[in-house]
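The values are calculated or read from the model by the stated rules, or taken from the named source; none is laboratory data. The structure presented is a predicted model; accordingly, all values stated were derived computationally and were not measured. Backbone-built Cβ (ideal geometry, glycine too); neighbour counts: all protein chains shown. For the accessible areas, the whole protein counts, side chains as well, though only heavy atoms, and no ligand, DNA or RNA atoms are used. Shrake-Rupley method; radii C 1.70, N 1.55, O 1.52, S 1.80 Å.
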Amino acid sequence: MRAVFVDATPSLGDVMERLRRPDDIPVAIHRDPDIRPEDLPALLAGAEIAIDDHTQFPTGIVRRMPDLRHIVFLGTGARSYMNPEELAALGVQVHTVKGYGDTAVAEMAFALMWAAARGLGEMHRAVVAGGWPRPEGRQLTGKTAGLIGLGGIGTEMARLCAGIGMRVLAWNRTPKAPPPGVAMTDLDTLLGESDVVSLHLLLNDETRGFLSRARIARMRPGAILVNTARGALVDEAALVEALASGRLGAAGLDVFAEEPLPPGHPLTRLPNVVLASHAAFRTPEATDNLIGAALDHCRRIAREAAAR
């Protein structure tokens, strides 16, 4: 049995080499982050396991890989890159990595919240251009943070917000006991009472477009939206309109419906938006967790194959 890391960036490839054990199954590290899906069949010939960071695995292409049995996706959002049910019908199991970057992503959400509240994006651009604006920002201590989704990342965000004296409300798609200092509530109450709404949902068929135009309209006037989850959770056109009109006060966004964000996108022209490049999970600690978990998947797969 052998594995191929199909699209290793320089940093991910280096971490994979560092964390591999001498007794691990062979893992070929293909250091081409821009590999095309049509090139995957040749690369994966004879390999039972593919490790995938960001490359699309269309079902039609996977049909041409008779040896492939497992795809280890580096993250939780595999559905953005492949159809797990269709692949399962071909005998290919998709594995994801959960929890590796909970703290990293929550810290980015926390940073975007503060940057949006204080207008840091607009100030930075103005100072670089030679200006010296001194806008009045917003103080968040004592305000209400509403967390949509209370998994690992949402729970970490709750800890951070409670730590600065914010009131923390949360809504989860399934019943969940909240951590100390968090009040579970219904979605309409959360949207209407929160000064900051932070999204922490997985993207699937049920959550696509979750923050719809109607739900954005139910948010508290002047509220801040933070999204470090997936861009497709939000009606982006409605969000742009709400920000441009002042109905929403600001947004801190790390994810978008289309990535990379196209030049000239309406979000890039709004002064009350702070933008990041889907990098919330990129820290050395999270990367070690991610690659370590991927290798653990490979070890488990190999053990199970040997036991059959």
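Going through A3, A45 one at a time, which residue ends up being touching a Cys at 6+ places or on another chain (Cβ under 7 Å) and hydrophobic (A, V, I, L, M, F, W, C)?
Just a single option satisfies the conditions, and that option is A3.
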Any residue in region 288-308 that's in contact (Cβ under 8 Å) with a residue 40 or more places away in the chain: show its pairings with residues that are small (G, A, S) and open to solvent by 30 Å² or more (accessible area, probe 1.4 Å) at Cβ separation under 8 Å, as long as the two are six or more apart or on different chains.
N289/G99
Residues to consider are R215, R208, R230; find the one that is of a type in the set (D, E, K, R), open to solvent by 40 Å² or more (accessible area, probe 1.4 Å) and under 23 Å from E107 (Cα atoms).
R230
What tally of residues in region 265-287 results from selecting those that are under 20 Å from G137 (Cα atoms), open to solvent by 50 Å² or more (accessible area, probe 1.4 Å), outside any loop (DSSP other than H, G, I, E, B) and in contact (Cβ under 8 Å) with a residue 60 or more places away in the chain?
1
For the subset of region 229-245 comprising residues that are touching a Gly at 6+ places or on another chain (Cβ under 8 Å) and of a type outside the set (A, V, I, L, M, F, W, C), which member is modelled with the highest pLDDT?
D235
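A quick yes/no check of all residues on (1) assigned to a strand (DSSP E or B); (2) over 25 Å from V168 (Cβ atoms); (3) not small (G, A, S):
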position	(1), (2), (3)
E107	no, no, yes
M113	no, no, yes
H124	no, yes, yes
G131	no, yes, no
R138	no, no, yes
G142	no, no, no
A145	yes, no, no
L150	no, no, yes
Write out, first by first residue and then by second, each pair whose Cβ atoms fall under 9 Å of each other, whose residues are 6+ apart or on separate chains, and whose first residue, in region 57-71, is under 13 Å from A88 (Cα atoms) while the second is open to solvent by 10 Å² or more (accessible area, probe 1.4 Å) and β-branched (V, I, T).
F57/V94; H70/V94; I71/V94
Candidates G91, G99 - the one that is open to solvent by less than 50 Å² (accessible area, probe 1.4 Å), more than 17 Å from the chain's Cα centre (by Cα) and more than 23 Å from D34 (Cβ to Cβ)
G91
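Scan region 188-209 residue by residue and report those that are in contact (Cβ under 8 Å) with a residue 40 or more places away in the chain and over 28 Å from I164 (Cα atoms). Can you show your working first?
First, the residues of region 188-209 that are in contact (Cβ under 8 Å) with a residue 40 or more places away in the chain: 190-191, 193-204.
Result: L203, N204.
Inside region 1-41, can you point out the residues that are of a type in the set (G, A, S) and either closer than 16 Å to H70 by Cα or touching an Asp or Glu at 6+ places or on another chain (Cβ under 9 Å) (or both)? Outline the logic, then answer.
Step one: filter region 1-41 for residues of a type in the set (G, A, S), giving 3, 8, 11, 13, 28.
Scanning region 1-41 gives A3, A8, A28.
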Condition (residue is among the β-branched types (V, I, T), more than 30 Å from A251 (Cβ to Cβ) and at pLDDT 95 or above) applied to region 99-106: is it met by at least one residue?
no
Residue satisfying all of: in region 243-255; surrounded by fewer than 21 Cβ atoms within 10 Å (Cβ to Cβ) and out of contact with any Pro (no Cβ under 7 Å at 6 or more places or on another chain); nearest to V273 (Cα to Cα) among these:
A244
Does any residue in region 225-253 that is in contact (Cβ under 8 Å) with a residue 40 or more places away in the chain come within less than 9 Å, Cβ to Cβ, of a residue that is in a helix (DSSP H, G or I) and aromatic (F, W, Y) six or more places away or on a different chain, and which pairs are these?
V226/F110; G252/W114
Working only within region 241-264, note down all residues that are under 25 Å from V127 (Cβ atoms), in a helix (DSSP H, G or I) and touching a strand residue (DSSP E or B) at 6+ places or on another chain (Cβ under 9 Å).
L243
Condition first: modelled with pLDDT of 95 or more and among the aliphatic types (A, V, I, L, M). Now tell me which residues in region 202-228 satisfy that.
L211, A214, I216, A217, M219, A223, I224, L225, V226
Please specify each residue of region 105-144 satisfying the condition of being under 30 Å from A294 (Cα atoms), of a type in the set (G, A, S) and buried (at least 23 other Cβ atoms within 10 Å of the Cβ).
A106, A109
Mind checking which residues of region 145-187 are touching a residue at least 40 places away in the same chain (Cβ under 8 Å), open to solvent by 40 Å² or more (accessible area, probe 1.4 Å) and either among the hydrophobic types (A, V, I, L, M, F, W, C) or in contact with a Leu (Cβ under 7 Å, 6 or more places away or on another chain) (or both)?
I153
